[in-house]
Structure formats: C-alpha cells, structure tokens
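**Q** Could you have a look at this structure, given as structure tokens, before my questions?
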C-alpha cells in the first residue's frame, strides 16, 4: 500500500479495515443475491462466499465523483466511503464485488483477465464491454424493471442509469446470443461470450463493438469531467463557449457511435441467421426474434435504420418462404404416382431408341 495510505493516483485514502461482522454480512448478501438471480449457471455459493470473505475491505476517504464502494485491482481489495451506509448492499456495492469475482491470475499473481476483459503487460482489452456486462448482471440480480430513458436525444431501453448506453448494447447481445453465456464469461472470466459474438456476428464486428464501447465510455467520462469544471460564469454568459461546444461535439459522437454499433449488431446477426435457415419454420423463428429484438433497440427522431431493415427483411423472408413452398411442391410432385409412371415411360422410350 502506498505511503500515507493513498491508493496510487486514485485519491482514495485508507482509514481502517471493516469489522469482521460487517464483512460477513455484506458477503452473505452479495453471494445470496448472485446465486438466487442465476440458478441456471451452475455457480457455487461456497466458492463465491469464500472468495469474497477473503477479500480485504476498508473504510476510506473517497474523492468526490467516485462511487461509495471501489474495487482496486492492484491489491484485490474493496474500499468503502467512510460516511456511506453499507448495511444494505445496493447496485453500486454489488457492481464492485462482481469485479472482485472476475479476477483471474497467473502463477506469478498477475491479473490476466477480469471477466470478458483481457489484461496483459501492454494493453487492457474490452474494458467497457466488461463494465457493461457487470452492470447487466447487477440489473438482473436486483430485478430492475426496463424503462425507456432520453439520453442525448436518444430513446434508450435500459434497466439502469449507471452506464445505460453501453449496458443497452450488452443487453442486445445477451438477447441475441443467450444470457447464460454472458453471465458465465463475466463471472468466471472465459472467452465463451467473445466466441459467440464472433461465430454469430463476426470477428471484425466483435472488434468494432469492443472499440466503440470503449470510445463511448471515454467520451462520457470526458463530458463528466468538463461539466464538473464548468464555472458559474460560464453558465451566466448565456452563450456557447469552448467547453459547451466540446460537450456537444462529444454528445454527437456518442450518438453516431451508438447507432453504428447497434446497426452492425442486428444487421450482421440477422443476415447470418437468415443464411442458415433451411425451412419455413426457421424463417418464422428468425422473424419473431427480430420482432422481439425491437424492444431493446435505441431510437431517435433522426434514426430510421432499424425500421428500414425490418421492411427489407420482411420482403426477403416472404421470398424465402415462397422458395421453400415451391421446393416442397416439386418434391411432392416428384413422388407423385402419375409422375413416376411418366418417368418410367420416358426411360423405356430412351431405352428403345438406344436399341434401335
């Protein structure tokens, strides 16, 4: 631990360890909520409980702007704001404990993965994708209701106001690819979710999603930093200054990146699924999935890509169904008794001609 009990450059100043009874209570709440929320993922209550119970926890002076609970990966510890009520675990506390469970280390004790986030000496990949996945798990664990919120003049279906834009993207992926594989990769730290994205959406598409979510998170943090530094005099001027211009530029970029990511996801996924259909029933299944997917799609007054795609997809689906019907009719005709007689006569005629 750094000198003067300051954690690196976080500004968090350690005060004292949590009492054992407080640790036990928090660990029990978190472990129980995870197991209850995801009964189909074969998670071990005892493993989760033991990992969290062995986690060092401290009260600390936490700088303004940070959460009341903070996981610090360099010492695998969790730090709580000294003046925060932590008797009841909320989504912010829960979010940090999921980060603790995500740790995967090599034999030297170096972190190699945090859930879907890949860590090595030179880079950390899929940071925002992992944050979104953790928050998705949190919203499910707390059974939060989905609602549509207006963010930067976009209507986003979301269950949380904490990372709502990138969590919406991960919700779309979970719906299309399956929630269980997302939960498994996020908590156990494996590549299965990444593989599912690559297999069903595409490898280049995966890298685009990863890059775009990182950029959305970076731009959002930049907006927050600018807003926290705006002086009252800036507001009183009543005109667009350099800071507000930068905020508006970032908002415009976030909107563009969000819709680019969303378009890439649904177009790639449903185009790939459509190529794999083998009968009318499978066509109808893909159509219904596209219709259900609509509930997760972000919209805006100047956005029409999804509606236009649905119109085009419906026409393609009708054509494909017609093709299957014609193919089926041809198969039935070939098996028809009269058709078999005609074929036999044709064979006899060809045989006679050959003999002649």
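The values are calculated or read from the model by the stated rules, or taken from the named source; none is laboratory data. Owing to the predicted nature of the structure, the values given are computational and were not obtained by experimental measurement. Quick reminder, even Gly has a Cβ in these numbers, built from the backbone with ideal geometry, and neighbours come from all protein chains shown.
**Q** Residue 190 versus (1) within 29 Å of residue 34 (Cβ to Cβ); (2) part of a helix (DSSP H, G or I): which is the lone unmet condition?
**A** For residue 190, the failing item is (2).
**Q** Which one of these is surrounded by 13 or more Cβ atoms within 10 Å (Cβ to Cβ), over 29 Å from residue 221 (Cα atoms), in contact with a helix residue (DSSP H, G or I) (Cβ under 7 Å, 6 or more places away or on another chain) and modelled with pLDDT of 95 or more: 290, 253?
**A** Going through 290, 253 in turn, just one is surrounded by 13 or more Cβ atoms within 10 Å (Cβ to Cβ), over 29 Å from residue 221 (Cα atoms), in contact with a helix residue (DSSP H, G or I) (Cβ under 7 Å, 6 or more places away or on another chain) and modelled with pLDDT of 95 or more: 290.
**Q** Return yes when residue 282 is in a helix (DSSP H, G or I) and either in contact with a strand residue (DSSP E or B) (Cβ under 8 Å, 6 or more places away or on another chain) or under 26 Å from residue 125 (Cα atoms) (or both) and no when it is not.
**A** no
**Q** Quick check on residue 124: is it without any contact (Cβ under 8 Å) to a residue 12 or more places away in the chain and surrounded by 13 or more Cβ atoms within 10 Å (Cβ to Cβ)?
**A** Judged against the criteria, residue 124 is a match.
**Q** So which residues in the stretch 24-36 are under 22 Å from the mean Cα position of the chain (by Cα) and more than 21 Å from residue 139 (Cβ to Cβ)?
**A** Selection gives nothing.
**Q** Test residue 50 against the stated conditions and say whether it is over 26 Å from residue 229 (Cα atoms) and out of contact with any helix residue (DSSP H, G or I) (no Cβ under 6 Å at 6 or more places or on another chain).
**A** Yes; evaluated as a whole, the condition is true for this residue.
**Q** Could you list, in sequence order, the residues of the stretch 37-59 that are within 16 Å of residue 137 (Cα to Cα) and in contact (Cβ under 8 Å) with a residue 40 or more places away in the chain?
**A** Those that are within 16 Å of residue 137 (Cα to Cα) and in contact (Cβ under 8 Å) with a residue 40 or more places away in the chain: 37, 38, 40, 41, 43, 48.
**Q** Counting only residues that are assigned to a helix (DSSP H, G or I) and loosely packed, with under 14 Cβ neighbours inside 10 Å, how many does the stretch 240-250 have?
**A** Summing the residues that are assigned to a helix (DSSP H, G or I) and loosely packed, with under 14 Cβ neighbours inside 10 Å in the stretch 240-250 gives 5.
**Q** Check whether at least one residue in the stretch 15-25 is at pLDDT 95 or above, in contact with a helix residue (DSSP H, G or I) (Cβ under 6 Å, 6 or more places away or on another chain) and assigned to a loop (DSSP other than H, G, I, E, B), and report yes or no.
**A** No, every residue in the stretch 15-25 fails to be at pLDDT 95 or above, in contact with a helix residue (DSSP H, G or I) (Cβ under 6 Å, 6 or more places away or on another chain) and assigned to a loop (DSSP other than H, G, I, E, B).
**Q** Among the candidates 118, 205, which residue alone is buried (at least 16 other Cβ atoms within 10 Å of the Cβ) and not in a helix (DSSP H, G or I)?
**A** Exactly one residue qualifies, and that residue is 118.
**Q** When you look at residue 85, is it farther than 30 Å from residue 145 by Cβ and either buried (at least 19 other Cβ atoms within 10 Å of the Cβ) or out of contact with any helix residue (DSSP H, G or I) (no Cβ under 8 Å at 6 or more places or on another chain) (or both), yes or no?
**A** no
**Q** If you don't mind, another one. Among the residues of the stretch 89-115 satisfying the criterion of being in contact with a helix residue (DSSP H, G or I) (Cβ under 8 Å, 6 or more places away or on another chain) and in a loop (DSSP other than H, G, I, E, B), which is surrounded by the fewest Cβ atoms within 10 Å (Cβ to Cβ)?
**A** Among them, the one singled out is 89.
**Q** Identify all residues within the stretch 17-32 that are surrounded by fewer than 18 Cβ atoms within 10 Å (Cβ to Cβ) and under 18 Å from residue 186 (Cα atoms); write none if there are none.
**A** 32
**Q** Now for a different question. When you scan the stretch 140-166, how many residues do you find that are outside any loop (DSSP other than H, G, I, E, B) and either touching a helix residue (DSSP H, G or I) at 6+ places or on another chain (Cβ under 7 Å) or more than 18 Å from residue 306 (Cβ to Cβ) (or both)?
**A** 12
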